[in-house]
Amino acid sequence: MRNKMAAARLTALIVISCVAAALTASQDKKFLVGAIRWDAWYGTPPGNAGIVGRTTNYDLGPSRWHYRVPFFSNITGPNNVTINGDSDTVMAQEIEYATNYGIDYWAFCTYPIGCTDYHPPDSDCPYIQCCADNYALSYALLRYLRYPSPPVGFSLILQYNWFPGEKHGGNETLAQEIARYISYFRMPQYQRVAGNRPLVYLFSGTDPSYLGALAALMNATMAAGLPAPYYTYMGGDAQSAAREAKAYNASAISRYASIVDGSGAAVPFEENAQYEQKFWSDAATIGVDVIPPITAGWDPRPRFDYPVPWSPPQPQCGPVGDEKCYIQDPTMPQLMAQTAAAINFTLSHPKATPARTVLISAWNEHDEGHWVCPSLQDGPAKLLAIQEAIRQFD
């Protein structure tokens, strides 16, 4: 018995040491690089659960979009592709890529992990805003959480139309969902910033249940003996985002993506990069904390070809093959330069950037046109550009 107790104490000490080492390593870094994840890449299962996956497989089917499909895709014909990353093998490969090229953590868009009704009538789900249509987008987070001691950290992006899940068909009560998130905050791989606070990004939205759930999560986190979450509000321009963030008790602002008006022409990446850099500098000027976003393009034209069911039809911006409403993909030197500019801003404006992190949009928004995940055609070219930017500050 004494031997078992001693072994248990030793195991506990090892776990504590590993957690402390992980926290120390994160805190000792001069800056962190995060990347947003939107995980619609789980194949084409039938029924409600597969509708988002089927859509992304179909809208990237035309051959002109094959250059951007992720590395785990299979091109099955001139206008057909199969994209299914729902496996532990793919998750392990993604973790390896992120680790090797300098991504410190992923920010997962969160959805319910289960539903009260998996077969609702279509009339109950305008624009597929039912849990049954969206819970499958949690697959990557759940696979990541099963990965033993991942070297890549994680954080959450809470969304007004999915948090609290109980208001949107999820099968957890608010208390259960909050308890689950707090269990994440305790994990050594959960990303902490600005005094060891759990980093949580927030989509904008003024639903009273969303604001109430955010307040409840913050209070419960502190009641559990953890520092208050570092809420970061994802808004529009810096001035309006700073005003709106107060309602969320947010500590900082950022963006999901920076998109300069592209209605008149295919916007050069450099123009959008300058627009994005103004957001950073405006935040510093008005005295609000900021996590600088890095938008790796914005080209949602596949969704013009094959309209997505989760939003109203988008106007076609010109004939197919000559649309105008998008931002041009970056060259690798351009992506490297924008990443380096964001890191440099973070290091040179410590008062405005206490979280010491930048956020890439995105890891895997392949059909929306901003991704850095290795593609089937170009491999890790974008990650290599990011790595080169990071190395400038080593």
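Among the lysines in the chain, how many pairs, 8 or more places apart or on different chains, have alpha carbons under 19 Å apart?
So the count of such lysine pairs works out to 4.
Average the reciprocal distances over every distinct pair of alpha-carbons in the range 169-247, invert the result, and give the Kirkwood radius in Å.
13.5 Å
Apply the Karplus parameterisation 6.51 cos²θ - 1.76 cosθ + 1.60, with θ equal to phi minus 60°, to every residue of the range 65-82 and state each ³J(HN,Hα) to the nearest whole Hz, in sequence, with x for glycine and proline.
9, 5, 5, 9, 5, x, 4, 8, 7, 10, 7, 9, x, x, 10, 9, 8, 10
Report, to one decimal in Å, the Kirkwood hydrodynamic radius for the chain based on all distinct Cα pairs.
Kirkwood hydrodynamic radius for the chain: 21.7 Å.
Hull surface divided by four, with the convex hull built on the Cα atoms of the range 276-315: how many nm²?
Average of the hull's projected areas for the range 276-315 equals 4.4 nm².
Could you tell me what percent of the accessible area of the chain is made up of carbon and sulfur, with a 1.4 Å probe and every protein chain present?
That fraction is 56 percent.
What net charge is computed for the residues neighbouring Q191, neighbours being all others with C-beta under 15 Å from the C-beta of Q191, Lys and Arg scored +1, Asp and Glu -1?
+4
Cα-based Rg of the range 271-394 per 2.2 N^0.38 Å, rounded to two decimals?
Normalised Cα radius of gyration, the range 271-394: 1.18.
Kindly give the semi-axes, whole Å and largest first, of the ellipsoid equivalent to the range 74-173, taking each as the square root of 5 times a Cα gyration tensor eigenvalue.
They are 28, 20, 11 Å, listed largest first.
Calculate the translational D of the range 130-226 in whole µm² s⁻¹ from Stokes-Einstein, where the hydrodynamic radius comes from the Kirkwood formula applied to all Cα pairs, the temperature is 20 °C and the viscosity 1.002 mPa s.
150 µm²/s
Let me check I have the definition right: for the range 340-394, take the eigenvalues of the Cα gyration tensor, multiply each by 5, take square roots. What are those semi-axes in whole Å, largest first?
One finds semi-axes of 25, 14, 6 Å for the range 340-394.
Take each complete run of DSSP H in the chain, measure how far its Cα atoms stretch along the helix's own axis, and keep only those covering 27 Å or more with mean Kyte-Doolittle hydropathy at least 0.0; list them.
Qualifying helices: 2-28.
Scan around H370 for amide H atoms under 5 Å from its own, H built in the peptide plane at 1.01 Å from N, and keep only partners 5 or more places away or cross-chain.
D299, E365
Students often get this wrong: which residues of the range 128-170 have the backbone nitrogen under 14 Å from the point 7 angstrom along Cα-to-C-beta of T116?
130-132, 164-170, by backbone N distance to the label point.
Work through the residues other than A381 whose Cβ is under 12 Å from its Cβ and net out their charges, Lys, Arg +1 and Asp, Glu -1.
Cβ neighbours under 12 Å give a net charge of -1.
Set the Förster radius R0 to 25 Å, insert the Cβ-Cβ distance between Y67 and D88 as r into 1/(1 + (r/R0)^6), and round the FRET efficiency to 0.05.
0.40
Where does the chain land at 222 nm, in deg cm²/dmol rounded to the nearest 500, when only DSSP H runs of n ≥ 4 count, each adding -39500 (n - 2.57), divided by all residues?
One gets -12000 deg cm²/dmol as the mean residue ellipticity at 222 nm.
The values are calculated or read from the model by the stated rules, or taken from the named source; none is laboratory data. Just so you know, these numbers come straight off a predicted model, no measurement behind them. Neighbour counts run over all protein chains shown; Cβ positions are idealised from the backbone, glycine included. We work out accessible area using only protein heavy atoms, side chains counted, and drop any ligands, DNA or RNA first. Shrake-Rupley method; radii C 1.70, N 1.55, O 1.52, S 1.80 Å.
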